[in-house]
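Everything below concerns the one structure shown next.
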């Protein structure tokens with residue numbers, strides 16, 4: 001592989017968020033398959049900062065940029081950063097979107113880029129409707145790490161069956177839908193001391209009304225535990241690993257990173273059978289909850305009133321949760337199948353090779369040796385010239401044929 005084959009990665013890469021973690025997994029996937037990466041990390045004030053994770057920059061300014069700035073931050077990023085680094089490069093932006101309707105307000109910013117990568121077919125369908133540039137699916141790679149923390153670190157009894165749900169409160173309580181998860185759990189295991197639900201969130205203190213709703217929903221329920229704290233990766237993955245199963249009655253996801261992470265640890269996972277989580281969840285490796293589509297009731301952020309998302313069937317979810325606890329064969333089959341599927345289809349090597357192949361296609365077809373022009377555009381222009389030349393020859397030939405025929409007719413009727 002040529003030493004100049006690689007990618008410059010830009011983004012909010014140090015944050016304790018699913019979007020930042022997804023970006024970091026892409027970097028790790030690229031490094032796994034030997035693709036060089038040159039990293040520029042920003043904080044949320046769009047200032048360049050050191051990348052906090054173990055990584056050695058190659059120091060090469062590659063011809064391709066990969067910008068991990070999601071669509072809810074893209075306007076601020078474009079307006080408040082020096083965009084000189086985009087010049088004379090092939091620019092890819094990585095977005096995840098949770099609704100089938102495209103985010104019309106920010107689609108105009110795609111004009112700064114040459115293509116957009118998304119993590120699921122659900123996102124492809126949503127964005128390709130109005131995207132002026134190619135939309136390419138690159139799923140997130142999933143990594144399980146050997147977290148050493150045990151149940152006592154989280155004050156969890158070792159003899160209890162633990163369901164876990166994780167969400168960031170910034171992502172909207174309505175879309176993440178923990179209240180439905182709580183309702184389904186209470187319906188199946190109300191104050192059952194042998195089964196516990198752990199609700200892991202962070203940033204809840206920023207939303208006092210949401211906090212009140214959550215606290216009211218679990219008031220007096222001894223087997224539901226709420227954790228509102230920011231965990232680093234090792235602590236979060238330890239919590240996933242010490243749990244028995246994962247549940248998310250989300251209304252819509254662009255991908256659903258924590259569900260895939262739970263499955264990578266062999267945790268049977270229950271979730272709404274809709275949206276980006278179907279990229280890796282199916283009836284063979286997980287328990288999918290029935291739903292109906294309903295409209296969003298109010299505008300919030302880029303999400304508009306009337307957009308559609310899922311309303312999961314709480315009764316069905318409760319039934320599935322109870323079955324999972326009671327049926328050891330079901331539990332073991334799902335544990336084995338989910339772990340195998342994630343490690344096969346979403347491993348660092350698998351996703352790294354997908355990215356590598358796409359970068360090779362870009363290099364072979366779009367970039368010249370200096371990375372300053374688009375090969376494909378030049379080729380199309382050349383082909384267009386060739387076609388026009390051929391059309392001229394055809395018209396000249398047609399004209400000659402017509403003259404000959406006219407001459408022959410004159411001879412015949414003379």
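All of the numbers you see were taken from the coordinates with simple rules; none came from a lab. Only a predicted model underlies this, so the values are computations on that prediction, with no experimental measurement involved. In this analysis, Cβ positions are derived from the backbone assuming ideal geometry, glycine residues included, and neighbour counts consider all displayed protein chains.
Assorted remarks:
- Principal-axis analysis of the Cα atoms of the chain puts helix 348-365 at an angle of about 20° to the longest axis.
- Degrees between helix 375-412 axis and first principal axis of the chain (Cα, 0 to 90, nearest 10): 40 degrees
- With the helix formula -39500 (n - 2.57) applied to DSSP H stretches of n ≥ 4, the chain reaches a computed 222 nm mean residue ellipticity of -13000 deg cm²/dmol.
- Ranked packing of 107-114, 148-155, 258-265, most packed first, by mean Cβ within 10 Å: 258-265, 107-114, 148-155
- Identified option (computed Rg/Rh (Cα atoms, Kirkwood Rh); candidates [x] 1.22; [y] 1.12; [z] 0.95): [y]
- Taking 7 Å steps out from each Cα toward its Cβ at residue 44 and residue 222 produces label points 3.9 nm apart.
- Highest average packing first - 37-45, 81-89, Cβ atoms within 10 Å: 37-45, 81-89
- Helix axis angle, 328-345 relative to the chain longest principal axis, alpha carbon, degrees: 30 degrees
- The antiparallel fraction among DSSP beta bridges confined to the chain stands at about 20%.
- Among beta bridges identified by DSSP and lying wholly in segment 158-313, the antiparallel ones come to about 20 percent.
- Packing, taken as the mean count of other beta carbons within 10 Å per residue, orders the peptides 158-168, 348-358, 200-210 from highest to lowest as 158-168, 348-358, 200-210.
- Note on residue 282 and residue 308: their simple-model spin labels are 2.4 nm apart, each label 7 Å out from Cα toward Cβ.
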